Amino acid sequence: MPPPAGGPGMGMRNGFLTEEEKANRPKVTGKLLKRIFGWLKPYWKQLLVVFIAICISSVFSLLPAVLTGRIIDEGLIGRNLKQLIILICLSLGVTLGANLIGVLESYMNTWIAQHITFDMRNKMYRHLQQMSQKFFTSNNQGDIVTRMTSDIGGVQQIITGTLTQIFSNVITLAVALVAMYQKNWMLATLGVLVIPLFVIPTRSAGKTRWSLTRDAQACNDEVNGILNETLSVSGQLLVKLFGKEDVEYDRYKEVNGRMMDLNIKEGMAGRWFRVVLSTFSSIGPMLLYLVGGILIMKADSTITVGDITVFVALLAKMYGPVNQLLNIQVDWIRSMALFTRIFEYFDMPVEIQNAPDALVPDSKEGYVVNGEVEFKNVDFSYNPERRILTDVSFKLNAGDCIAIVGPSGSGKSTLINLIPRLYDVEGGSVLFDGVDVRKLDLAFLRRNIGIVSQETYLFNASIRENLLYAKPDATEDELIEACKKANIWDFVSTQEEGLDTMVGNRGLKLSGGEKQRISIARVLLKDPALLIFDEATSALDSISEKKIQEAIDPLIEARTSILIAHRLSTILAADEILVIKDGQIAERGTHKKLVKAGGVYTELYETQFKVKKG
């Protein structure tokens, strides 16, 4: 069987570390342990109940083995039926008690683990929500989700498994050793000495099987990779067009053969493992019977047949705990690695956050938010090697519309992302209604800015639910009015379900233009002071572009707005056009003025409209 999926380092539970785990072994410090136990501290009462239950359960689970000796000596050999019945009933009662206490311990253990993972997930989600846009563009989305799911989910296994197993195994071994030495020190010592005869071959065989399992899993991944590549729609088309059917078949056959050989070896290793395990697990009891028999027959010892039976039963009870404690170092390292990965994310600083004295201007009576924007000598870069914006300065007055154009990669989208503080400037300042955005309350700032981006995102819900995301208490009339202003109501009203029409995952049931107009309606319900359209029509056909442009034109007349456009035909109504090149404002002015200037804008214009000189 291949190792089960899980967070890094938490795969198959075995006594061996992978090479990656060895290389990335975490440094365990007092600070790390204190931080881990800090998550357990709120539940110390429940933990105390768990540990008491483990103690009682461990003792109770060994009592039937001890009682077995008395059943044999006093009940069977002593021919005392009454005592036999009492001891059997007592043994059954103790077993039932141990199982019931085990249920309590398991419930409390699971309860604690679930509450801790609940706390961790909530804190992690809140922390990730506060991270800047830079965090999400710099980190792999799959890794972020893994920290939230598999890694934090692995904490439950640590609490219900590693921590409680350490305590339970230690208690079980201690009680078993005390019981054995109380009976006979010689047989007890012999029992302890034969334990390695079981453990050493078990670990050796287990290591061999784990190595084969890991190789088989890697081979299986290779097979799946070939299948995913060559049997997908696009992959199969490529194979056919290039006539590579035989090549791909030979590649698959070779990998499939290697996987077959490894599976055979793994199966036989498992069989030999069981043979070795069965043989060596019999050596201990046989030695106890031999030495015990000699003591009874030759040494005139007080030891009885029942005592020997107790020793054999207790020895069998010790095999599991000893094996698990020998593997505990591996579990411990994996546990520390898991917590280290989780704490790495918790320790990432929140780059964009409210100032201690953040302003909320609209809380003042009679205050009107105009959406006025001013950039003052703004510098910005995502990394030190490449500057994105350099000394950018301009002002957008209330009620006006500015268009921003320029070649791809010139910094247009970056510029507007600085206004709602998705990123913070490195130099200069961005002002919103005359106040530096870094001094404004984030919720206030973002509430008054509406952005319609090129990559429209809709939730897998109805049109109504997507619109209500902007204003949960919006009335039916408000929803319809927003749809009309966004030029989408004609489409919505013809749907059988109307506003309750499902849009599909990421809006896949709708066309690009329909999604974009719904996103415009959603922003209108938000009723922001500043409207920003970031390449809102660049990926659409001419008909969809026309409908969206018909929706945008009245909106920019009614409020402060910024247009970022690749198609120059969509920005002709702007009060001023800024031309960005290499992170700087290269030109500015009206459409007519810029066309005549013969600069970057003229080149863009002539390229799109194919104006011929001469």
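The values are calculated or read from the model by the stated rules, or taken from the named source; none is laboratory data. Model, not experiment: these values are computed from the prediction. Cβ: placed from backbone, ideal geometry, glycine included. Neighbour counts: every protein chain shown. The accessibility values were calculated without ligands, DNA or RNA, using every heavy atom of the protein model including side chains. Shrake-Rupley method; radii C 1.70, N 1.55, O 1.52, S 1.80 Å.
Structure notes:
- Here GLN353 clears all of (1) open to solvent by 80 Å² or more (accessible area, probe 1.4 Å); (2) part of a helix (DSSP H, G or I); (3) touching a residue at least 24 places away in the same chain (Cβ under 8 Å) except the condition numbered (2).
- Inter-residue pairs, beta-carbon under 9 Å, first part of a loop (DSSP other than H, G, I, E, B) and in segment 173-186, second open to solvent by 30 Å² or more (accessible area, probe 1.4 Å), 6+ apart: ASN184/SER301; ASN184/THR302
- Within segment 220-241, residues that are in contact (Cβ under 8 Å) with a residue 24 or more places away in the chain have Cβ atoms under 7 Å from residues that are open to solvent by 50 Å² or more (accessible area, probe 1.4 Å) and part of a helix (DSSP H, G or I) in these pairs: VAL223/ASN256; ILE226/ARG251; ILE226/TYR252, counting only partners at least 6 apart in sequence or on another chain.
- When we screen GLU514, GLU535, GLU478 for residues that are among the charged types (D, E, K, R) and at positive phi, the only hit is GLU535.
- Residue in segment 563-581 that is at pLDDT 85 or above, open to solvent by 20 Å² or more (accessible area, probe 1.4 Å) and outside any loop (DSSP other than H, G, I, E, B) present: yes
- HIS115 under 19 Å from the mean Cα position of the chain (by Cα), more than 20 Å from ALA337 (Cα to Cα), open to solvent by 50 Å² or more (accessible area, probe 1.4 Å) and not aromatic (Phe, Trp, Tyr): yes
- TYR367, sole failed condition from (1) in a loop (DSSP other than H, G, I, E, B); (2) open to solvent by 20 Å² or more (accessible area, probe 1.4 Å); (3) in contact (Cβ under 8 Å) with a residue 12 or more places away in the chain; (4) touching a helix residue (DSSP H, G or I) at 6+ places or on another chain (Cβ under 9 Å): (3)
- Cβ-Cβ under 9 Å pairs, at least 6 apart or on other chains, segment 246-258 side without any contact (Cβ under 8 Å) to a residue 40 or more places away in the chain and over 20 Å from GLN217 (Cβ atoms), far side part of a helix (DSSP H, G or I) and open to solvent by 90 Å² or more (accessible area, probe 1.4 Å): GLU248/GLU229
- Residue match in segment 388-405 (condition: surrounded by 16 or more Cβ atoms within 10 Å (Cβ to Cβ) and part of a loop (DSSP other than H, G, I, E, B)): yes
- Checklist (1) among the aliphatic types (A, V, I, L, M); (2) within 37 Å of the chain's Cα centre (by Cα); (3) under 25 Å from PRO349 (Cβ atoms) applied to VAL435, failing item: (2)
- Spans of helices (runs of 4 or more DSSP H) in segment 438-495 with at least 2 residues open to solvent by 60 Å² or more (accessible area, probe 1.4 Å): 442-447, 476-485, 489-494
- Residue check for ALA23: of a type in the set (A, V, I, L, M, F, W, C), modelled with pLDDT under 80 and open to solvent by 90 Å² or more (accessible area, probe 1.4 Å): no
- Some residue of segment 133-155 being within 30 Å of PHE60 (Cβ to Cβ), open to solvent by 20 Å² or more (accessible area, probe 1.4 Å) and touching a Phe, Trp or Tyr at 6+ places or on another chain (Cβ under 9 Å): no
- Exactly one residue among LEU47, LEU87, LEU76 is open to solvent by less than 40 Å² (accessible area, probe 1.4 Å) and more than 30 Å from ILE152 (Cα to Cα), and that residue is LEU87.
- Flag if LYS376 is among the basic types (Lys, Arg), surrounded by 15 or more Cβ atoms within 10 Å (Cβ to Cβ) and not in a loop (DSSP other than H, G, I, E, B): yes
- Selection within segment 288-324 - in contact with a helix residue (DSSP H, G or I) (Cβ under 7 Å, 6 or more places away or on another chain), more than 18 Å from SER61 (Cα to Cα), open to solvent by 60 Å² or more (accessible area, probe 1.4 Å) and not β-branched (Val, Ile, Thr): TYR289
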